[in-house]
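Heads up, the thing below is written out as structure tokens.
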Amino acid sequence: PIFYCIVHLSQGGRKYRFYSNITMKFLPIVLSAAGLLPDVLAFSTIAPPLPSFPSLGDAFKIIKEPCDKCSAVVVEADVGQPGVNLYIALDSDSYGHTLRPGNGGIRLLNYPSVQSAIDDAVRLAKGMTRKHDMFRTGFSGAKVVVKSDHEDLSVIERKELMESVASALDAFDGGMYTGCDLNTGDVDMDYLVEATNDKYVLAGRNSRVDTNVATASSVIGSILGTVEAMENSCDLGSLTFTVQGCGKVGTTVAKELVRMGAKHVQTCDLYPQAAEIEGCTPIMDWAGTECDFLVPCANSLAITEEVARGFPEGIKYCVGATNSPFANEKAKEIFDGRGIMHIPESISSAGAILADSVEWSNINLYQIVEPAKMYGWIRDISREKASDLAGHANQEPHYVEPNLKNVVPSREGAPVGKDFEKWIEDNSSHTETLIVGGGLAGTATAFSLAEKGIRSTLVEQGSSLSPPTGSSNGDSRMYRKMYSSEFFSKMQAQALDRWKDVERKSGIKLLQENGLLFYGEDTGETVEGSVLGAKEVMENLNLPHKFYATGDEIADAYPALEGCRGKPYSGVCEDTAGHIRASKACQAMADGAGDKCDVKLNSRIVSLDAQGEEGKVVVVTENGETITADNAVVSAGAWTNKVLKSANLPQLKLDIWQVQWAHYEVDTNVAASIPQAFHFRKENDIDGGLYYVFPSSATESIQNDKKSFVKVGVDFPTGEALSDMSSFDYEGSQDVLELIDGWVKEHLPSVGKRIDSYCHPYTMTEDSYFVMDKVADNVAVFSGGSGRAFKFGPLLGDCMASLLTGEAAPVDLAPFSASRAVVSTDLDKTGQRAVSL
């Protein structure tokens, strides 16, 4: 056969290259005759010569030509620094073609050899082509690889290195674009932008878009798409994830999995401290720890044949950010054979190149866009692509590779980046009222507004209404008229009527009457009132109650509280009190709003502009959605000030308490004798003195045929009050748990062992009155529930609705003003709200 051959020769220290149509049979004879055979470096059989860049000049050497097995070109550029080599790999279909230029980042590593650096450049360039083709970005694959002989990369003169890269990019004249990769960053890009006169660099320049977060967004989207296709759901609540590699991409992925309600997120990194991520469990051996979902976000080739065979049973999925996660094809075949669905990195790790496509095709939009919109778009199209691929493969790992062709678009057509602007339009909506937060106050507001015919959109950052991370979650909250304040006692009477409306509309029994006992020492007034204060209010309002003058009387009336005997206690009982099914109540109010309320879960607010066009409120969520509203209600609990700050609105003086509780098992025959009770005792060091118990009828989420359970908790904070959620510890304090254990042993001696524990955020004001007020003409806020708000649920929704409609409020809102001194941060020295001139 006749081949068109390129032969690289070396003689006398000089290199030659020539092309010739000759047969392979005679090629050795030709070379031998020329006296060059011993010095042949390489030759490859290829098609006729590729287009070349005449301007490359003598400063560049083409050191690898395409062949049948690998259609990549590798160019070496002069660096001028000892121990540093610069290689640029371009997939052959982009080499010399400015209409479909190469694109790939700059990777700097201490490679063991020149060949390993070249091989890596080629492998990465080919991988980049697969990514670009998968989404039709308008680019082909390329990579810049810098081989350093120095283990210490800090000795490299970065400015000079980037100037060398710039010279190559200029020579390619639009045939290649680059950006950051391993061990290159913003400073390098600053040098490169200067050296190229702001050409050929796609690295988020003059934009708030973070390409690492963009990559994490494609990982999250691909995870969701995989779960959607394989389990017919996007719920992550039953899945355990292992994130291998906790750099910026891996850390972002891990945090997002936690936020989206994953059952368990394990993290592993070469540097153990990097794996210490809030809500995650650091592990030392990623390849030896059980999980459902492996998320590789570290260096390439980590899944060897040995790892693939030995990975613990139970793993179902492998989707991550790592380029080439498998060491070889055999390792991947082993995973396939074990039934492990792997979505290729051409989909799951494409976030940065998708952002590049927008930057290249619409630079003006790229530079001004809210980053969350970009991340939402990337997540959305990655989710769709991963789901489609798994579907085409009939959920069978062996059929993924053969079906890639079914999800790869034609190269003909506009780059995907041009779709971004329309996606923004398609993911924008308008509503009358935006509600931020899906706990008690948010769902109650939606319920009240719907009754008035007002449409709302409720956004909740958690994976459910009243999520476990907030303060409205759980089986039970107390309701009672037994207050030391007549104001709140009367409010409860009004609220009970509104709870009946919710029950009637939802068809669900939400309130259970089981009585409530206040008992203990004479503590004076606390955040929950006092025994004697409650007795006085009950008498003044002529409300039915029972009074117990001694601890013995309490023990006689409630045998389960035998620990009261002989104590200097008094008690008061309201038989008509009880508990509210907390999480179910939030869901019932949202359901009661019907089609008047659009609930969006997993939708964290990243920006809120209260001064949008025509006085509208404009919100962007982490999913990239834009919501425009006539007005807004901020009911974000412990995250209230974070939302207000993002909107440049006055923040409030709020404390965040870490409040703990637990479940204890009890024999079913004993459980019926345990009342709903609140115990007051004097503070002592970390012991705040306020304890409560809910009966077994208030713990419906725990099912056991042989045992019943009671809920016991404290109404004082663990440690110091916090100003935000950044350091909140959902594990709580062992010392406080021991206090609760001790209280149970003393007061409920018939109760058994503790089976779990929880810590939730309570948002507190100094005077224990809520905030229900406007903080702008079109923004109202509810916050500072102070551990007592839930019982008023739908009545609070009516109050918030009145702030928006201008109608009369059902209660006096003056005590809940945002301008009162104990909560306002926007006061001058006279105590009046400051006015900006």
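The values are calculated or read from the model by the stated rules, or taken from the named source; none is laboratory data. Note that the coordinates shown come from a computational prediction; the quantities given were computed from them, not determined experimentally. Because the Cβ atoms are built from the backbone with ideal geometry, glycine has one as well, and the counts that use them run over all protein chains shown. Surface areas here come from the heavy atoms of the whole protein model, side chains and all, with no ligands, DNA or RNA. Shrake-Rupley method; radii C 1.70, N 1.55, O 1.52, S 1.80 Å.
In table form, for the structure just shown:
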read-out	value
For the stretch 771-780, Karplus couplings with θ = phi - 60° (6.51, -1.76, 1.60), whole Hz, Gly/Pro x	10, 9, 6, 8, 10, 7, 4, 10, 9, 10
Y569, Y271, ranked by accessible area, largest first (probe 1.4 Å)	Y271, Y569
By average C-beta atoms within 10 angstrom, highest first, the peptides 282-289, 464-471, 637-644, 298-305	637-644, 464-471, 298-305, 282-289
Accessible area per residue, Å², the chain with all protein chains present, probe 1.4 Å	41
Exposure of R411 as accessible area (Å², to 10), given a probe of 1.4 Å and all protein chains	120
Neighbour net charge for D724 - beta-carbon separation under 14 angstrom, K R +1, D E -1	-1
Sequence-separation-based contact order of the chain, relative, with Cα cut under 8 Å and 6+ spacing, percent	9
Computed accessible area, E562, all protein chains, 1.4 angstrom probe, square angstrom	80
Estimated inter-spin distance, N362 and R754, nm [label 7 Å along Cα→Cβ]	5.4
Accessible-area order (highest first, 1.4 angstrom probe) of the listed residues I340, I334, I63	I63, I334, I340
Cα→Cβ-extended label distance, 7 Å offset, between E401 and H264, nm	3.3
Accessible carbon and sulfur surface of the chain relative to its total accessible area, %, 1.4 Å	48
Heavy atoms of L236 accessible to a 1.4 Å probe, total area in Å² rounded to 10	0
Computed label-point distance, nm, for sites L541 and D388 using a 7 Å Cα→Cβ extension	6.1
Heavy-atom accessible area ranking, 1.4 Å probe, most first, across E807, E622	E807, E622
Most to least packed among 693-701, 750-758 [average Cβ atoms within 10 Å]	693-701, 750-758
Relative contact order of the stretch 478-594, defined on C-alpha pairs under 8 angstrom at six or more residues apart (%)	37
Mean Kyte hydropathy of -0.5 or more with a Cα span along the axis of at least 20 Å, helices from DSSP in the chain	114-135, 158-172, 211-231
Per-pair calculated FRET efficiency, R0 = 30 Å: T668 and D552 via Cβ, rounded to 0.05	0.65
Shape metrics for the chain, restricted to C-alpha atoms - Rg then Dmax, Å	33.0, 119
